[in-house]
There are 2 protein chains.
Amino acid sequence: MAFSAPVTEQAFVLKHIVGIEALSQHDRFADATPDMVQAIVEGIGAFAEGEFAPLNRIGDTVGARLKDGKVVMPEGFVAAYKAYVANGWGSINAPSAFGGQGLPFSMATVALDSLGAANMAFALCPILSVGAIEAINHHGSDRQKQLFLPKLSTGEWSGTMNLTEPQAGSDVGALKSTATPRGDGTYQIKGTKIYISFGDHDMAENIVHLVLARTPDGPAGTKGISLFLVPKYQVAEDGSFTKANDIKVVSIEHKMGINASPTCVLAFGEEGECIGELIGPEFGGMRAMFTMMNNARLNVGLQGVQIAEAATQKAIWFARERVQSAKASGPSRESVAIVEHPDVRRMLLRMKAGTQAIRALLYLASGYVDRATLGEAGAQEMVDLLTPLAKTYGTDMGSEIASLGIQVHGGMGFVEETGAAQFYRDIRIAAIYEGTNGIQAADLVGRKLAMQGGDVIRNHLAAISQDASDQPGLSALSAACAEVTEYMLSASVDDRLAGSYAYTNMMSVVTAGWLMLKQLQAAQTEIDAGDTSPFLKAKIVACRYYLDVMVPEAFAFKGSAMAGADLLYALDAEDLAA
Amino acid sequence: MAFSAPVTEQAFVLKHIVGIEALSQHDRFADATPDMVQAIVEGIGAFAEGEFAPLNRIGDTVGARLKDGKVVMPEGFVAAYKAYVANGWGSINAPSAFGGQGLPFSMATVALDSLGAANMAFALCPILSVGAIEAINHHGSDRQKQLFLPKLSTGEWSGTMNLTEPQAGSDVGALKSTATPRGDGTYQIKGTKIYISFGDHDMAENIVHLVLARTPDGPAGTKGISLFLVPKYQVAEDGSFTKANDIKVVSIEHKMGINASPTCVLAFGEEGECIGELIGPEFGGMRAMFTMMNNARLNVGLQGVQIAEAATQKAIWFARERVQSAKASGPSRESVAIVEHPDVRRMLLRMKAGTQAIRALLYLASGYVDRATLGEAGAQEMVDLLTPLAKTYGTDMGSEIASLGIQVHGGMGFVEETGAAQFYRDIRIAAIYEGTNGIQAADLVGRKLAMQGGDVIRNHLAAISQDASDQPGLSALSAACAEVTEYMLSASVDDRLAGSYAYTNMMSVVTAGWLMLKQLQAAQTEIDAGDTSPFLKAKIVACRYYLDVMVPEAFAFKGSAMAGADLLYALDAEDLAA
């Protein structure tokens, strides 16, 4: 069965969770009329189904390859990318002053939702470009914006993020790449970067590398880092290419999944001229990096939604087709489709409810990105709070759902031809890149917990608690989260970090549960008004399942969240191996 | 770092969980002296490290290949297998009357634990042989035993299980392969079997296929099925080969993992003579199949232990080597090995505790297999009860631990060269084959729950409850399990099945928790007696972590276990896709 973009669901979540209609009341987003929203949701869905989905398997089996120092994409990718650019799908929320459509970020989220569900590895390329656009738009000079944003916005040029070095992964401050002034305001960039997604490929005309590096005599650690714009081809003031920078693709990684996404080792300026220019002030690299990464973290969380959607569709289809055994409860001894067996139903409903829950969480966060753009009070704090939750829970749930998808397929799920295994392999990276989920959890119990002395989280939980008064599971979980929050606020750093992952999970589930409750209520209102669509009926059941079965599971993590670090350090590192 | 067999841990669990010394008091197992036990544990460990582990990566990258209709194993496998046969590792618990060593099954479990941790795909081959040995030993004629068991016991010949057909997976009764009497007591076998692990290979001299098929005019469904012995090469009464049966390797599957294990599509007798002989009576196929599969289910559960052990070792090693960031809690700003960061510690301790918990569960079950062999009252019931728990929890925990292993490695975990990804891919099949974990859960709430009207489970929980009186988490979980058990005993079939997976999980954790408590007490006793080994210190911490953090998590499943089937069937199959 071919992938089918979940347009009804997307429109429902945009309406009831994002509040897209309220956003469009503002001049900034006045173009997001209901007609336009519907046209985009349906248009990107059809495009994803028709252009990206058919390439998902060849992307996995053939993959991106390194040939004569250049990355060659699998057959069909270049044409599909050019169609993506021609249709304007890359520029949905790019700044309108620079050729973008200036629509809400939440609309770009919908686009990426469909594109990535059709082909996660392919859709990673635009995610990197978005990061570059954000960094240049927020920290670049007018000249840089004029020169680079229009082409990045359309997708004619793509972007990359160059942070990691062999000794500097989560510890960005350990990076060693250098930027030496050339005397004309530009810098010679030198160093090796690893794990550079789409660090080279043959789909875009130019690649705009954003590179973290150190200028001479700067302070050690993160404070001495600056961000540089280093294009594959140097760009003259009229936008024409002058010459290629010395950027060598040393190798591409052999990975477990997302094989169509070339993960490059790039050597900058090791042998020749490699000219970069500062983005923002010298030593402003970390700040610019966070701008670049923040929405990228949401977009990686969204990859969980993408795979969850694709895996769930495939599993439901398979379970309806595959006939095996009679129902144990009888009375007939005729074999039935496995969807009729209780434990298969359980898996499918869990997949469906989990997918909807993480979609709502990601869309909520993207809606707050738009509200922050509008300057709404408290919106940026909500983005800050929701980002670690959405990234962590989105990707973990994506992996769980992909695993359930394999299980529904039985033996066929382990055979690659089926496609269920690819989902499982592809999504596993999402819990790692753009800040591992452990780093996200540390961010939650560090910077995010501390916002307004804890009041941002307290207020969020109070809002949930109020809405959940007639929902025993959700209100009890909210109370448990509140208790753990107070514990965290007074705990030592080690104790906080020891419980950080469990706390992040609880906070994610309580937030997603709240959103499922809102959706349940919205669906019921529409049903009460006479709408008899199967979608609403299924929505009610999925929300109910999440609230009744999955929300209570999160209590399990309260003990772990408050267990402290003592037991973790009862052994020294050597004895851990004993 | 090279794999290191966990010999201290294995000896500890043999002593305190299996009770190997008590077993050796019986004539039947008198050879299992302490010296012999220690020699086997150490010998197989060294063999696994030296012969099987070095082939794990080539097994994954090159894999088994089909060439000119025959399966060719990767370089090194044939020699390692011959060494395995020569050293007698295959015959540990094979019947002594037929060339085996007649040692306890729990000793064979230890052997497989080390072999599979070194190379899961390779060690699958002996698992299949064990199934064939069990079926022939319990249901075969004297002639069949004489002719086939000695060579199967040494491993000179290997065995396979041929159950699945395209339309008959979990639903064995749907199989269509036929066995037509040839008038001389033998049968012409005809049909296509899929998912036949080691259905062909070049390591053993002969392959003894055990094939489920239908004789003419038998009843439909499972009642008309018989088990046949169909050797690759027909065997004369003097043991020499006469001619090859017509068994064609149609293809081998391209799988997500265990690439060194050839998963064959076999066509029996489609074009020529393919002679099989009955094992046991006509229509006795299902009974013989369960004999064949029962210990195989335990051995598959043990694959979870194997991968958990290997993944944990690799992750601990990596975390001690990889330096990244200073400790957040200070005071030094020097970067430390990531093992020092709280959330990494959490992952490692969870991996270690989970590995020990499932090892204890599997070893306990294998000890009861030995007690059942001795005819001990109630032992077979314990094997029956523990089998679905050990298979399900062993494999699920194996997958979880492999995933944590990737996470500890960060980006390197997603790159294949590291090896962490292979564990994750390899182990995913274990929750599927030899009866999916969903089938195991159905077995628990069906046949196993009903044993002695529920008293087998009640008594098991009462024993746990008694031992856990000073352990709040474990005793509360035990009480919850007892409550769910009573619910299950009175619930409808659909309601039972709807909660079966959650119940299986609770029952597994409470049992594993009990075993961790026993180990904690045993370790404390040894420490109190003056033993200061790091192993015991680490054992205490791992047990404590399991009891304090992981046991309470299983409460989460009580609601799900008792939720009933109504919500699952609130949607018809079509609307599930809406």
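The values are calculated or read from the model by the stated rules, or taken from the named source; none is laboratory data. Worth saying up front: this structure is predicted, and the values here are computed from it rather than measured. Cβ placement follows ideal geometry from the backbone for every residue including glycine, while neighbour counts extend to all protein chains displayed.
Structure above, values below:
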{"quantity": "Qualifying residue in segment B:295-315 (condition: at pLDDT below 95 and among the aliphatic types (A, V, I, L, M))", "calculated": "yes"}
{"quantity": "Selection within segment B:221-242 - surrounded by fewer than 20 Cβ atoms within 10 Å (Cβ to Cβ), of a type outside the set (Val, Ile, Thr) and in contact (Cβ under 8 Å) with a residue 12 or more places away in the chain", "calculated": "B:GLY221, B:LYS223, B:GLY224, B:TYR233, B:GLN234, B:GLU237, B:GLY239, B:PHE241"}
{"quantity": "Positions within segment A:525-578 being facing chain B (nearest Cβ under 9 Å), touching a residue at least 60 places away in the same chain (Cβ under 8 Å) and aromatic (Phe, Trp, Tyr), in sequence order", "calculated": "A:PHE535, A:TYR545, A:PHE555, A:TYR569"}
{"quantity": "Enumeration of residues in segment A:135-159 that are surrounded by 19 or more Cβ atoms within 10 Å (Cβ to Cβ) and in contact with a Ser or Thr (Cβ under 7 Å, 6 or more places away or on another chain)", "calculated": "A:ALA135, A:HIS139, A:LEU152, A:SER153, A:THR154, A:GLY155, A:SER158, A:GLY159"}
{"quantity": "Search result, residues across segment A:178-224 that are of a type in the set (Val, Ile, Thr) and farther than 16 Å from A:LEU278 by Cβ", "calculated": "A:THR192, A:ILE194, A:ILE196, A:ILE207, A:THR222"}
{"quantity": "Strands (runs of 3 or more DSSP E) fully within segment B:267-369 counting 2 or more residues that are buried (at least 24 other Cβ atoms within 10 Å of the Cβ) and either free of Cβ contacts under 8 Å to residues at least 12 places away in the same chain or on the phi < 0 side of the Ramachandran plot (or both)", "calculated": "B:275-279"}
{"quantity": "Some residue of segment B:169-179 being crowded, with 20+ Cβ neighbours inside 10 Å and more than 25 Å from the chain's Cα centre (by Cα)", "calculated": "yes"}
{"quantity": "Filtered residue count, segment A:151-200, keeping only those that are touching a strand residue (DSSP E or B) at 6+ places or on another chain (Cβ under 9 Å) and in a helix (DSSP H, G or I)", "calculated": "5"}
{"quantity": "Residue within segment A:209-217 that is modelled with pLDDT under 95, surrounded by fewer than 24 Cβ atoms within 10 Å (Cβ to Cβ) and of a type outside the set (Ser, Thr, Tyr) present", "calculated": "yes"}
{"quantity": "Count of segment B:429-475 residues which are hydrophobic (A, V, I, L, M, F, W, C) and touching a Ser or Thr at 6+ places or on another chain (Cβ under 8 Å)", "calculated": "12"}
{"quantity": "Single unsatisfied condition, B:GLU376 versus (1) outside any helix (DSSP H, G or I); (2) within 14 Å of chain A (Cβ to nearest Cβ); (3) within 29 Å of B:VAL130 (Cα to Cα)", "calculated": "(2)"}
{"quantity": "1 or more residues free of Cβ contacts under 8 Å to residues at least 12 places away in the same chain and more than 11 Å from chain B (Cβ to nearest Cβ): qualifying helices (runs of 4 or more DSSP H) within segment A:408-495", "calculated": "A:455-467, A:472-490"}
{"quantity": "Per-region count, segment B:440-461, residues surrounded by fewer than 24 Cβ atoms within 10 Å (Cβ to Cβ) and either under 30 Å from B:MET256 (Cα atoms) or of a type in the set (S, T, N, Q) (or both)", "calculated": "3"}
{"quantity": "Flag if B:SER500 is facing another protein chain (nearest Cβ under 7 Å), among the small types (Gly, Ala, Ser) and touching a residue at least 24 places away in the same chain (Cβ under 8 Å)", "calculated": "yes"}
{"quantity": "Residue among A:MET397, A:MET382 that alone is in a helix (DSSP H, G or I), in contact (Cβ under 8 Å) with a residue 60 or more places away in the chain and under 20 Å from B:GLY398 (Cα atoms)", "calculated": "A:MET397"}
{"quantity": "Residue in segment B:245-258 that is in contact with a Cys (Cβ under 9 Å, 6 or more places away or on another chain), on the phi > 0 side of the Ramachandran plot and crowded, with 24+ Cβ neighbours inside 10 Å present", "calculated": "no"}
{"quantity": "Within segment A:280-320, tally of residues that are more than 14 Å from every other protein chain (Cβ to nearest Cβ), of a type in the set (Gly, Ala, Ser) and more than 10 Å from the chain's Cα centre (by Cα)", "calculated": "5"}
{"quantity": "Test: residue in segment B:330-337 that is more than 8 Å from every other protein chain (Cβ to nearest Cβ), touching a Pro at 6+ places or on another chain (Cβ under 6 Å) and acidic (Asp, Glu)", "calculated": "no"}
